[in-house]
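For reference, the structure discussed in these notes is given below.
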Amino acid sequence: MNMSDSLFPVMEESIQVEGLKNSTDYKFIINAETSEVLSCMTDEYRLVTNEDVIKKAMPVLKDNGAVLTSVNMFNNGARTTYRYRFPKITVKIDKDELHPEVIIKNSYDGSTNIDALAGAFRLVCSNGLIIGRTYGHTKNKHSIWNKNLDSLDTIIPEMIQTSIQTIKEDVPNLQNTKIKKSDISRLIEMFPSTVMEELTNYLVVNPPKTYWDLLNVATWCATHQLNRNYESTHKLETGIYPKIMKLAKHEIASA
C-alpha cells in the first residue's frame, strides 16, 4: 500500500434528526472521495487527518533520514499505521546491529489516538520489533479540548533516543539471562494456530537458550509468518516485547 492511498480527504457531517433534542451531538466522519462513512462520533471528537499527522511529522523524519517501510490501513481506512526506519542510525549490541523505528498510528473511529511507538529493526535476520509506547494515550486523545495534538515534531526525536537507550539497556539483560523452558510455551500461546507448524519447526532448528533468542523467535514469526495486512498481527506484535521482558525480569529476580 502506498502513502497516497491513506491520505484521502476526510470530512465531518453533523447528524440531524427531526423531532429529537440535541440531535447534533453526533457527527459522521466520511471519506470525501467515496462518501463512505468511517465512523459516528460525538461532537467533542476532533478530526485530525492522516495528512495532518504526516505533514507535522515529516520535517523531523526527513532530518533524521527516516525511510517509510510500510503503510497499513484497516476497517476501510478508519485506522492507519505508518512504519518508518532510520537506516543512518545503528545501535550495535555485540554482534547484533539494529536500526531504530517509529510506528505512527491514527484513526477516524476513536479506537486509536494519535499514537506512536518506538521500534527497532534487527539487520541480521530482518526482524521487526516494537519496543513500546512513548507517545501516550491520554494527552493525544482526539478531543476538541486537547491542546497537545501538535507535538510530533518534539516527540519523534525523543522517541528515537528512547528506543536507542532502551535497546542498550534491555538487550544485554536479555542476552545474558538463560531461558526458563516453560517460558517457551508461554511464547507459543501468544500465536495463532495458523502458524504453529512454522513456529514449532523454527524452534526445533533454532532452540532458544536466552530471552534474547526467544525474542528473536517471536519477532521472526511476527515479521515473516503472520499476515501483515491483518490488524491482529500488529496488535500481537505490540505485546511481544513487554511479554518477554516481563518473563526475563521474573527469571532475573528469582535467580
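Scan the range 185-202 and report the pairs whose first residue is on the phi > 0 side of the Ramachandran plot and whose second residue is of a type in the set (S, T, N, Q), with Cβ atoms within less than 9 Å and a gap of 6+ or a chain change.
Listed by first residue and then by second, the contacts come to nothing, as the list is empty.
I'm checking my understanding of the structure. Among residues of the range 76-88 that are in contact (Cβ under 8 Å) with a residue 60 or more places away in the chain and polar (S, T, N, Q), which one is nearest to GLU36 (Cα to Cα)?
The residue in question is THR80.
Taking only pairs six or more apart or across chains, which ones have beta-carbon atoms under 8 Å, a first residue in the range 217-237 that is outside the structural domain of VAL71 (by the TED database) and within 16 Å of ILE103 (Cα to Cα), and a second residue that is hydroxyl-bearing (Ser, Thr, Tyr) and in a loop (DSSP other than H, G, I, E, B)?
Matching pairs, first to second residue: THR223/SER126.
Filter the range 240-255 down to residues that are in contact with a Leu (Cβ under 9 Å, 6 or more places away or on another chain) and among the β-branched types (Val, Ile, Thr) and give me whichever is surrounded by the fewest Cβ atoms within 10 Å (Cβ to Cβ).
From the range 240-255, those in contact with a Leu (Cβ under 9 Å, 6 or more places away or on another chain) are 240-241, 243-245, 247-248; that's our starting set.
With the extra rule that they be among the β-branched types (Val, Ile, Thr), the set shrinks to 240, 244.
Values: ILE240: 23, ILE244: 25.
Checked the range 240-255; the qualifying residue surrounded by the fewest Cβ atoms within 10 Å (Cβ to Cβ) is ILE240.
ASN216: among the polar types (S, T, N, Q), surrounded by 15 or more Cβ atoms within 10 Å (Cβ to Cβ), within 19 Å of ASN176 (Cβ to Cβ) and at pLDDT 85 or above, yes or no?
Numbers: among the polar types (S, T, N, Q): yes; surrounded by 15 or more Cβ atoms within 10 Å (Cβ to Cβ): yes; within 19 Å of ASN176 (Cβ to Cβ): yes; at pLDDT 85 or above: yes.
Yes.
Can you tell me which residue in the range 87-117 is surrounded by the fewest Cβ atoms within 10 Å (Cβ to Cβ), limited to those that are part of a strand (DSSP E or B) and of a type in the set (D, E, K, R)? It would help to see each step written out before you state the result.
Within the range 87-117, the subset part of a strand (DSSP E or B) is 91-93, 96-107, 115-117.
Remaining after also requiring of a type in the set (D, E, K, R): 92, 96-97, 101, 105, 115.
Details: LYS92: 11, ASP96: 17, GLU97: 13, GLU101: 24, LYS105: 23, ASP115: 17.
It comes out as LYS92.
Specify which of the listed residues (VAL60, VAL71, VAL53) is buried (at least 16 other Cβ atoms within 10 Å of the Cβ) and more than 16 Å from the chain's Cα centre (by Cα). Quick ask: steps written out before the conclusion?
Values: VAL71 fails: more than 16 Å from the chain's Cα centre (by Cα); VAL53 fails: more than 16 Å from the chain's Cα centre (by Cα).
Result: VAL60 is the single residue among VAL60, VAL71, VAL53 that is buried (at least 16 other Cβ atoms within 10 Å of the Cβ) and more than 16 Å from the chain's Cα centre (by Cα).
Within the range 27-69, how many residues turn out to be charged (D, E, K, R) and assigned to a strand (DSSP E or B)?
2
The values are calculated or read from the model by the stated rules, or taken from the named source; none is laboratory data. Since this is a predicted model, take the numbers as computed values, not measurements. Reconstructed Cβ throughout: ideal geometry from the backbone, glycine too, with neighbour counts over all protein chains shown.
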